[in-house]
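Nothing in this text is a laboratory measurement; each read-out follows from the coordinates by a stated rule. Remember, predicted model here, so these are calculated numbers, not experimental data. A quick note on method: Cβ atoms are made from the backbone with ideal geometry, for glycine too, and the neighbour counts reach across all protein chains shown.
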């Protein structure tokens, strides 16, 4: 593939990823954007930076946290700094920090045309913060939940209750709502290592590796040489006799040398 057609294909993947992002097809968008970043020539630094910016946002919308190495790529550290700080805010679930980063780099996000996507991330930040609260507290009032999430609406307690209810319904947290007392009660998490789940996980991975090994071995096997004529008993005797005579001749030559 020539450089021209390669760049055209990378542009196609990039714009396809952007379209799928706008259409909320985040998984397909992530694949297209990452593929565009990988296939782009090393010299096309600006293009690869744009691909990585959009890929970071899409991964955050999917609930993933990009690796630190993504932001440390050569020639991209300064360009990806706003997205690194944004990722950190999403990772810890701090809504106030998220708003601060969004305002601080609003010009950058607007010029990158990612501002509308970042607005969508607010829900992910709240969900992450709520998950951290449910892990830390066995029981907490909805007023405290609203305070810790830093909800600044007109009725933060009611908003906190609806957020908690939706998170419980979606399976994001393992908790119950006590409407009478206005509490969120987290269910106790058992000791995972006292169950068979780790053993089952290891067994599944080992079985996968063994199956891959067996498939590779089967792929390397050659078909039997049925088309070749088998060696007859008489020819085998002749061959063995010739080998013995050759070995005897070599031994006699060695004796003559001494």
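Over the chain, what lengths in whole Å, largest first, do the semi-axes of the equivalent ellipsoid take, defined as the square roots of 5 times the eigenvalues of the alpha-carbon gyration tensor?
Working: eigenvalues 784, 187, 60 Å².
Rounded to whole Å, the semi-axes are 63, 31, 17.
Rg and Dmax of region 1-60, using alpha carbons, in Å: what are they?
Using the Cα atoms of region 1-60, the pair Rg, Dmax is 10.8, 34 Å.
Just round it to a whole percent: the fraction of Cα-Cα distances in region 96-189 exceeding 17 Å.
52
Over the chain, with a Gaussian network built from C-alpha contacts below 10 Å, which listed residue (38, 239, 205) shows the highest mean-square fluctuation?
239
Which of 64, 161 comes first, and how do the rest follow, when ranked by fewest Cβ neighbours within 10 Å?
Values: 64 14, 161 18.
Ordered by Cβ neighbours within 10 Å, fewest first: 64, 161.
Rg to Rh ratio, region 137-189, alpha-carbon atoms and Kirkwood radius?
Details: Rg = 10.4 Å, Rh = 11.0 Å.
A ratio of 0.94.
Hey, fewest Cβ within 10 Å first, where do 92, 133 land in order? Intermediate values should be presented prior to the final figure.
Values: 92 13, 133 20.
Least crowded to most crowded, the residues run 92, 133.
What is the ratio of the Cα radius of gyration of region 34-75 to 2.2 N^0.38 Å, where N is its residue count, to two decimals? Write out the running numbers ahead of the final one.
On the way: Rg = 10.3 Å, N = 42, 2.2 N^0.38 = 9.1 Å.
Ratio of Cα Rg to 2.2 N^0.38 Å: 1.14.
Classify region 33-180 as rounded, prolate or oblate, taking a ≥ b ≥ c as the square roots of the eigenvalues of its Cα gyration tensor: rounded when a/c is under 1.5, otherwise prolate if a/b is larger than b/c and oblate if not. Before the final figure, lay out each step's value.
Values: a/c = 2.91, a/b = 2.26, b/c = 1.29.
In terms of gyration-tensor shape, prolate.
Could you work out how far apart the two model spin labels at residue 135 and residue 38 are, taking each label as a point 7 Å from the Cα in the direction of the beta carbon, and quote it in nm?
So the label points at residue 135 and residue 38 sit 2.9 nm apart.
Of 62, 97, 246, which has the largest mean-square fluctuation in a 10 Å C-alpha GNM of the chain?
In the Gaussian network model the winner is 246.
Using Cα springs under 10 Å in a Gaussian network model of the chain, which residue among 208, 47, 14 shows the largest mean-square fluctuation?
Answer for the Gaussian network model of the chain: 208.
Express in nm, to one decimal, how much length is gained between residue 193 and residue 99 on full extension, taking 0.36 nm for each residue of separation and deducting their alpha carbon distance. Can you show the working numbers first?
Working: separation 94, 0.36 × 94 = 33.84 nm, distance 3.86 nm.
Length difference between fully extended and current span is 30.0 nm.
Please arrange 48, 218 by how many other C-beta atoms lie within 10 Å of their C-beta, fewest to most.
Details: 48 23, 218 8.
In order of increasing Cβ crowding within 10 Å: 218, 48.
In degrees between 0 and 90, to the nearest 10, how far off the longest principal axis of the chain does helix 115-136 point, with axes built from Cα atoms?
Helix 115-136 sits roughly 90 degrees off the main axis of the chain.
May I ask for the angle, rounded to the nearest 10°, between helix 81-92 and the longest principal axis of the chain, with both axes built from Cα atoms and the value confined to 0 to 90°?
Relative to the chain, helix 81-92 is tipped by roughly 80 degrees.
Can you tell me, using C-alpha contacts under 8 Å and at least 6 residues apart, the relative contact order of the chain as a whole percent? It would help to have the intermediate numbers written out before the result.
Numbers: 214 pairs, mean separation 25.9, N = 258.
It rounds to 10 percent for the chain.
Taking 7 Å along the Cα-to-C-beta vector as the label spot, tell me the residue 124-residue 248 distance in nanometres, rounded to one decimal.
Here the modelled spin labels are 8.4 nm apart.
Pop the C-beta distance of residue 152 and residue 15 into the FRET formula with R0 = 45 Å and round what comes out to the nearest 0.05. Provide the component values of the computation, followed by the final result.
Values: r = 37 Å, r/R0 = 0.82.
So, using R0 = 45 Å, E works out to roughly 0.75.
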